[in-house]
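This report refers to the structure that appears directly beneath it.
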């Protein structure tokens, strides 16, 4: 208990330190960081965007794993899917914190991006798909999944029974309610899966496609980004599952396969970069192998290799230990962070192929403190959500079903949400892309990205309508 309280106090201290560092950046500007203009001494994207790429990719990958488990109805590893929800929420919130720290004027960006954002901007996809639809859909999924557990807690709890009863939203343990719960679980996961994968690909394009880099290398970078993000997300998810006494061999095998693929892709990408005729790509490859970034590059490969060996050993021995899982997660996350750093920062300092001098980047204490504060806040958010959400248990009693229910109103409202949301999303996307406006003008309707986001959220609300609308006897 003392160790747990000490860890919470440490996390709170890091979060406060991060908030203080961010206030210093808001007061004095980006001068307190080492972010500079490309060609004038350093990169424009640094530690904050590296943190955004790490947290967002890990969160989206873990949520995608949970959706696959639910779509395939793998009941024996349902605990992994349940744990992916709070983990994904914490990761997405952390990525939003990194983006806000990176923006020089965050309030201006929060106002202008929803008004005049275009789909060609990398922030459009992250704002709508990652920060908007994925986060809200995950919150809806979390609330609906935990309704039965909250109803049981309301009956057994001596403190705050009204709170748990309100969270349960009039849950009744009937056969029809359980059938609706399974249907919503399946279809919401199936609909959320392409959104999560699309967000991962968009992040991979933002990180992998660079100026002066051939198209094939950009596509290769996207694949490497997605696989390494999946490795980080699955390793952290395995640690979270094991910490809640649900050690699972499936996650250890998944981490072993993903780390092996990550090593293969990183090595293959470096070999292909050395053999390409593009001088900028060769310069970048030599900077990783024997230049100023060689230490980080070889450390990345060694960490990936060690993590894969530990995960493979646990898989072959069919014994998953907490120490082995924690060590694997630490090694994989460090390796993925180095991969994100080299992919983003080293390319800006050595890979552009221009006549500018090579730059350097040394993050200041402000950048490290803000990133540590964001990570600590994410861990606290995960622990809080996991504590509030009950464990996945079946209902203690089997209540009989009432008379056959009339489903027409439920189906009508659900269909209206789906159709209306689809129409709004298509219209908002077309207007945001410049429909009926000149290519150099803002969208003809200010707030078109919000229309697109509202359509996505209305489609997500169909799950709430289908499950929460009360039954009427036929």
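Read the figures in this text as sums done on the coordinates, not as results from a lab. Because the structure is predicted, anything quoted here is derived from the model rather than measured. Glycine gets a Cβ as well: all are built from the backbone with ideal geometry, and neighbour counts include every protein chain shown.
Each peptide in 102-114, 448-460 was scored by the mean count of other Cβ atoms within 10 Å over its residues; highest first, the order is 448-460, 102-114.
Expressed as a rounded percentage, what relative contact order does the chain have, with Cα pairs under 8 Å and six or more residues apart? The normalised contact order for the chain reaches 27 percent. Return one number: the angle in degrees, 0 to 90 and rounded to the nearest 10, between the long axis of the Cα atoms of helix 322-341 and the longest principal axis of the Cα atoms of the chain. The angle comes out at about 50 degrees.
With Rh defined as the Kirkwood radius, the inverse of the mean 1/r over Cα pairs, the Rg/Rh of region 279-337 is 1.18.
Based on the convex hull around the alpha carbon atoms, the chain presents an average projected area of 25.2 nm².
Tell me, rounded to the nearest percent, the portion of alpha carbon pairs in region 1-96 spaced more than 17 Å apart. Please list the in-between numbers first.
Numbers: 3123 of 4560 pairs.
In whole percent, the long-distance tail amounts to 68.
Inverting the mean 1/r over all pairs of different Cα atoms, compute the Kirkwood radius of region 30-185 and quote it in Å. Walk me through the intermediate numbers first.
On the way: mean 1/r = 0.0546 Å⁻¹.
For region 30-185, the Kirkwood estimate is 18.3 Å.
Highest mean packing comes first when the peptides 364-376, 171-183, 276-288 are listed by Cβ atoms within 10 Å, giving 364-376, 276-288, 171-183.
Of the three principal axes defined by the Cα atoms of region 111-167, the extents in descending order read 52, 20, 10 Å. Helix 78-102 axis versus longest C-alpha principal axis of the chain: approximately 50°, rounded to the nearest ten.
Please give the peptides 25-34, 126-135, 57-66 ranked by average Cβ packing (other Cβ atoms within 10 Å per residue), highest first, as a rough proxy for protection. Present the calculation step by step, with values, prior to reporting the outcome.
Numbers: 25-34: 14.8, 126-135: 23.6, 57-66: 29.0.
Order by mean packing, descending: 57-66, 126-135, 25-34.
For region 407-474, the calculated P(r) over all alpha carbon pairs, in 10 Å bins from 0 to the bin holding the longest distance, is 24, 35, 22, 13, 5, 1 percent.
Counting each DSSP H run of 4 or more residues in the chain as -39500 (n - 2.57), what helix-only mean residue ellipticity at 222 nm follows after dividing by all residues, to the nearest 500 deg cm²/dmol?
Working: 18 runs with 340 residues, N = 474.
Value at 222 nm, helices only, nearest 500: -24500 deg cm²/dmol.
Using the alpha carbons alone, the radius of gyration of region 209-358 stands to its Kirkwood radius in an Rg to Rh ratio of 1.05.
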